[in-house]
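Heads up, the thing below is written out as structure tokens.
The values are calculated or read from the model by the stated rules, or taken from the named source; none is laboratory data. Since the model is a prediction, treat every value here as computed from it, not as a measurement. Cβ placement follows ideal geometry from the backbone for every residue including glycine, while neighbour counts extend to all protein chains displayed. Side chains included, ligands, DNA and RNA excluded: accessible areas come from the protein's heavy atoms. Shrake-Rupley method; radii C 1.70, N 1.55, O 1.52, S 1.80 Å.
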Amino acid sequence: MHETSAARPTLETVARAAGVSRATVSRVVNGSTTVRADVAETIRRAIAELGYVPNPAARSLVTQRTDSIVLILPESATRVFSDDAFFPGVIRGVGEALEKADKQLVLLLASTPSSHDRILRYVHGRTVDGVVLASMHGADTLPEELKAAGVPVVTSGRPLGEATVPYIDVEHASGVEAAMRHLVGLGRRRIATIAGPQDMVAGRERLAGYHAGLPSQAKPLVETGDFMRQSGMDAMERLLEQDPDIDAVFAASDLMADGALRTLRRLGRRVPEDVAVIGFDDVEAARFTDPPLTTVRQPIHEIGTRLAEQILRLVAGEEVEASLVLPTELVIRESA
């Protein structure tokens, strides 16, 4: 049969147009870097001129790749799809980087132990090329189980215990110490904290930063929340019951800090005149609290971008850093 202009272009069609072998075209289509640059450019021009589109199913059989990356969030749907801007920021960062690389993002939630079995079955079916895990809780075994299955894995946040897979995190403790120095510099002496969950490294390290920055003669005043607004409201009320003369509070998330602001306002405490408040994250809403929130900025979007870059390198068989820790920065606004 003779090919017509209406026939769908094939690898052989592209190979003839470019004057190379079918195998060389295949290597370029599948992302190989072993083809000489000028030859690869000739092939790409032929692909564009002919309108060649790779067959995903056939390509997957050859490369054993699906061009899909899974982002697993070990959280409930209620938490992920709340007004906590951390998760949308990470998802956006990962998604944009994968889109640039022409990869598909698959989002999975894993809020229960049974979710792990479901995810492992999904991954064992070779439906994904790599996995990114964010928001690690406790001694989660999922990263090790995925690694044992031969799946490239990167996590957001250092896991509790020994890290066996590459991870990306931020400078939690030093960021909080900077916030504490700022409060002490303002003359605050009865400084409390609303700590985050202690089954997460982020919660533990931010609490460690509070203790490290607390003046040696000062009494620690600690209540714990779950990073959400309501827990900040409740914790602030408990702290004032402990010590009505609190003059500053560091909250381990912006949502908890906003909750603290609401409780302080309800109880007639002025911010920052009576009580200074600092949060952690610098989500967009921090600029619109009453008053605008001083906070420790972590680069949420960049976390997502770096996670995507790392997993793409692992999928390509490249070496990556065992850990990558990004800086934080104190952003001063009216609340402190």
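Consider the range 110-121. How many of its residues are surrounded by 15 or more Cβ atoms within 10 Å (Cβ to Cβ) and either among the aromatic types (Phe, Trp, Tyr) or farther than 22 Å from residue 67 by Cβ (or both)?
Within the range 110-121, residues that are surrounded by 15 or more Cβ atoms within 10 Å (Cβ to Cβ) and either among the aromatic types (Phe, Trp, Tyr) or farther than 22 Å from residue 67 by Cβ (or both) number 4.
To keep it simple, each residue is scored yes or no on (1) open to solvent by 10 Å² or more (accessible area, probe 1.4 Å); (2) among the acidic types (Asp, Glu); (3) under 28 Å from the mean Cα position of the chain (by Cα).
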{"residue": "185", "(1), (2), (3)": "yes, no, no"}
{"residue": "190", "(1), (2), (3)": "yes, no, no"}
{"residue": "195", "(1), (2), (3)": "no, no, yes"}
{"residue": "200", "(1), (2), (3)": "yes, no, yes"}
{"residue": "216", "(1), (2), (3)": "yes, no, no"}
{"residue": "232", "(1), (2), (3)": "no, no, yes"}
{"residue": "250", "(1), (2), (3)": "no, no, yes"}
{"residue": "286", "(1), (2), (3)": "no, no, yes"}
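Residue check: is residue 32 open to solvent by less than 70 Å² (accessible area, probe 1.4 Å), at pLDDT 80 or above and within 30 Å of residue 167 (Cβ to Cβ)? For residue 32, the condition - open to solvent by less than 70 Å² (accessible area, probe 1.4 Å), at pLDDT 80 or above and within 30 Å of residue 167 (Cβ to Cβ) - is not met. Counting only residues that are buried (at least 18 other Cβ atoms within 10 Å of the Cβ), assigned to a loop (DSSP other than H, G, I, E, B) and under 18 Å from the mean Cα position of the chain (by Cα), the range 138-164 holds 5 of them.
Which of the residues spanning the range 46-60 are among the charged types (D, E, K, R) and modelled with pLDDT of 55 or more? Of everything in the range 46-60, just one residue is among the charged types (D, E, K, R) and modelled with pLDDT of 55 or more, namely 49.
Among the residues making up the range 96-108, a single one is closer than 24 Å to residue 228 by Cβ and surrounded by 17 or more Cβ atoms within 10 Å (Cβ to Cβ): 108.
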